[in-house]
Structures are given as C-alpha cells and as structure tokens.
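Okay, structure first, notes after.
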Amino acid sequence: MRNIVIVGAGMAGLHTAAALRERGFEGRITLIGEEPHRPYSRPPLSKEALTGVGLDPGPLAGNRALRLLDDAEIDALDLDFRPGTRAIGLDTASRTVKLDDGDAPYDGLVVATGARARRPDTGLAGVHVLRTLEDAEAVRAAIAEHGRLVVVGAGFVGAEVAASARTLGAEVTLVEAAPTPLTRVVDPRLGPVLTDLHRENGVDVRLGVGVAAYEGSGRVERVRLADGEAVETPLVVAGIGVHLNTEWLQGALDLMPDGSVRCDEYSAASAPDVYAVGDLANWPHPRYGGRIRLEHWTNAGEQAAAAAHNLLAAPEERRPFTPVPYFWSDQYKMKIQLLGQGAPADEVAIVHGSVQDRKFVAFLGRGGMLTGIMGLRSTPRTMRHRGLLERPTTWEDALAAV
Ligand SMILES: Cc1cc2nc3c(=O)[nH]c(=O)nc-3n(C[C@H](O)[C@H](O)[C@H](O)COP(=O)(O)OP(=O)(O)OC[C@H]3O[C@@H](n4cnc5c(N)ncnc54)[C@H](O)[C@@H]3O)c2cc1C
C-alpha cells in the first residue's frame, strides 16, 4: 500500500494520519478537509472558546487551546493536506474519491467526515448551532451582545453552552424535551443531579417540554414551547443533535438507517481497504450486545489508531476494535465522566461519595453485568475502575471489587 487517502480533517482524520506514520507508513497520505483550517479540537468550542478561560486573545482560528497537534507535529507528518476541499463521491471499483476540484485515487481509504449540527429550520437570524470554529465565534459574539439566550437541547453541547453562558453572567433558559439533561448518556436516575447543578447556577431549566415554534419577524424574538408558553429571547443556541456527513458515500458503501457507515469489528467498511472512524462509524461491539456508534472525542482518536493498524496489517494480524467508551463533559468547573454505557441501565449504585455532595462515582448495570461507570468531580476514582469494563464483569463482582 503506497497511497492512503483520509477524507475528513477532524480529530479522527488527523489521528489516523498520525497513527499511520507511527506505524511506519512511509507512503503518501492525502488528508482532505472541507474546512479552511488546520484540524482543530471541537470540545473546547462549548467551553474555553465561549468562556475565554485558557484561551489566547484574538480569533479562535489557530488558538492554542483548540489545537489537536502543534503545527510542527502536523508538518512532521508530511501530509498532502488539502483544506477547503470537499469529497463529493466515491467509486470503490476504480478506488477513486471524487472531489469538488478533481479526483483522488487511493490504495487505502479512511472515511472520517464526522457530523454537522442539526439546524432548526426557522429562517430567523439569531438562531445558532455549535459545531465549527465559525459557529463558536458567532455564539461568543452573540452572547456578549445580547446577554440573554435560550438553549434548546440539554445534551452535552446544550448543557455546556448553558453553563458557559452563565459563567459569563448571561441570563439562560435551558429547554429539553426529555425529563433530565444528557439523557442519551446519563441514566435518568442520575440526571436530576445535573438539573440541580444548572438550577443552582441560575439557569431557568424547562424539562419535559419541546419547542413548538421559533417566532419573530426577521430575527428570533421568542421561543414558543409545546405547552404554549412563550420565552422572550433575542438569541437561541440549538444543541439538537447531528446529521452524519455521509451523503457523499451513498451507493458506494453500506450505510445504516441513521446514515452511519456500517463497519465490521475491525472498523472496515463494505468495500476493500476502506475503513471508517469517528462519529460516523457504526460497528459491532461484543460487550454491548450489538452495534454501537459514539460521538465522543476519545473514541475518534482510539478508532483512528485501530483503523490505521488494521489497514496496514496482514489479515491475520488485524485486531477487533473493542474500546471502553469514554466521554467527559465540563460544566460549572465540574467534570462529568462516563465509562462504558450509562444508559439504559437497570441497576444504579453509588460506590463512592454522594449525590448530595455533587461528588460521586456510580456503577450502572444491565442484565446482571456492569455496563457503565459515571463520575462527577471524581476523576481518579472513576478511572481506577476502568479495568472492570475491559472484560465482562458481573454486577456482584463489580460491587465486590470496590
Ligand atoms: C461543541 C462540541 C463540544 C464537544 N464536547 C465534547 C466533550 O466534552 N467530550 C467528548 O467526548 N466529545 C465532545 N464532542 C464530540 C467530539 O468533538 C466529536 O466526537 C469529534 O469531534 C468527532 O471527530 P470526527 O473527526 O469523527 O468528526 P468531526 O469532528 O465532525 O470532523 C469531520 C471533519 O470532516 C469534514 N468533512 C465533512 N464532510 C466532508 C466532505 N464531504 N469532504 C471533506 N471534508 C468533510 C468536516 O468539515 C470536519 O472538519 C464535542 C463536540 C462539539 C461539537
């Protein structure tokens, strides 16, 4: 294999390139990215980029707090990096990626085009999403200008925007259709602690109610909730999920109903020498009883390393990708961490600390097995138990190990 093309210059794409070089690949690596920037890190966009804490003054582009690798480290990878270039199709028979400015032939291909934010269809100014550096610049400026916002969706992006905006002293209403924040990753029995966290910090939290309409003439003036109430606001930030950037792969690779790329246990997609990594990859994980897909930063890096190994390895040396999923979120200077799967769970046990103290480690179980570990303000204690999720561990054995 002499010529590897990576499409998508985010966390997963860049780390695939780095992992290929670490494994001694000396051939050509072409990294194609639609954005005009060098690869950057998205987690700070809802944290440091909004609060300004730990940020260099000036624009976000090139800011050290957002870097995935130093410029020198990227240069050392010796990439044919093509920023501002979009992949528009894939021909697996001729092994060619169709670009908006030509073709890129490959021996091996890694698909890492991630996701874009779902945008409410309002046609109104003042309604923002948060996925890119430009989004973060716009949200930061709008919070400074208006000092008042409605955040729609209390997933990790929405919850962090609410927390960052409160840190800046803005007036915040947080609207979530589910009964607790972070419902996709945090069991509803632990969710209330997060609700309380927002309320104690002065956020007006509205749970169990969706948005019926965004109202205003030309720009947003109010958000109409499903229960009929209107919340006046000059600014909305919507954190309502993502669309996966896989339209360009349609007809070329097997896609799942949600648009994710159907992979095998090695992160290989349905065409020879094509792998998929990061937010858009969907693969079978033996410890979670089926297929999984993770929108987690750490996974993007770990899967990139696994795919790089498998792409270069002889068939008998390939390794299945069976990570312990890991996710964190920072809100009000508190770190929330989740190892494994946090929801759904049928058993929850606090094994260190207490919910009242906002400092605890909880075990989560399903079908008699330990499936997840959640920590709040307890990093060493949470990570210490990671080994229990690296192999199948019964609920009893997990509790006995504490
Ligand atoms: C605001 C925010 C906060 C977050 N906070 C956390 C956190 O605290 N903890 C955590 O674990 N995770 C967090 N995440 C999630 C994490 O950032 C993602 O899981 C990670 O960025 C996924 O990396 P990726 O490379 O798969 O995809 P992406 O980061 O989406 O990168 C894909 C790249 O591909 C490009 N692309 C798309 N289509 C094309 C095309 N056709 N041609 C060429 N290029 C294309 C895109 O422009 C993009 O640059 C956060 C995400 C956001 C948005």
Please list, in order, the residues from segment 266-299 whose amide nitrogen is less than 18 Å from a point placed 7 Å along the Cα→Cβ vector of GLU73. 297-299
Per-residue HN-Hα couplings for segment 153-167, Karplus 6.51 cos²θ - 1.76 cosθ + 1.60 at θ = phi - 60°, whole Hz, x for Gly and Pro? x, 10, x, 5, 5, x, 4, 6, 4, 4, 5, 5, 5, 5, 4
Quick one: 3J(HN,Hα) in Hz for segment 253-267, Karplus 6.51/-1.76/1.60 with θ = phi - 60°, rounded, Gly and Pro as x. 10, 5, 10, 7, x, 7, x, 6, 8, 6, 10, 8, 5, 9, 6
Please list 3J(HN,Hα) in residue order for segment 219-228, calculated via the Karplus relation 6.51 cos²θ - 1.76 cosθ + 1.60 where θ = phi - 60°; whole Hz, with x for glycine and proline. 10, 5, 10, 7, 10, 8, 7, 5, 8, x
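Which GluC sites (Glu not before Pro) from segment 7-101 combine a DSSP loop assignment with at most 13 other Cβ atoms within 10 Å?
Those satisfying the criteria are GLU26.
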Return a whole-number percent for the relative contact order of segment 119-238, with Cα pairs under 8 Å and 6 or more residues apart as the contact set. 32
Running a GNM on the chain with Cα contacts under 10 Å, which residue among THR233, THR122, THR51 ends up with the highest mean-square fluctuation? THR122
Candidates ASP227, ASP91, ASP330, ranked by Gaussian network fluctuation over the chain, Cα under 10 Å, top entry: ASP227
Given a 10 angstrom Cα cut-off, can you work out which residue in ARG189, ARG291, ARG386 is the most mobile in a GNM of the chain? ARG189
For HIS128, enumerate residues with amide H under 5 Å from its amide H, sequence gap 5+ or separate chain, H modeled in the peptide plane. VAL236, VAL237, ALA238
Stretch SER94-GLU247 to full length: gain in nm at 0.36 nm per residue minus the Cα-Cα span? 53.2 nm
Fewest-first ranking of GLU137, GLU35, using other Cβ atoms within 10 Å as the exposure measure: GLU137, GLU35
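Read-outs: derived from the displayed coordinates by stated rules, not from any lab. These numbers were taken from a predicted model, which means no experiment stands behind them. Cβ coordinates were reconstructed from backbone atoms using ideal geometry, including for glycine residues, and neighbour counts include every protein chain displayed.
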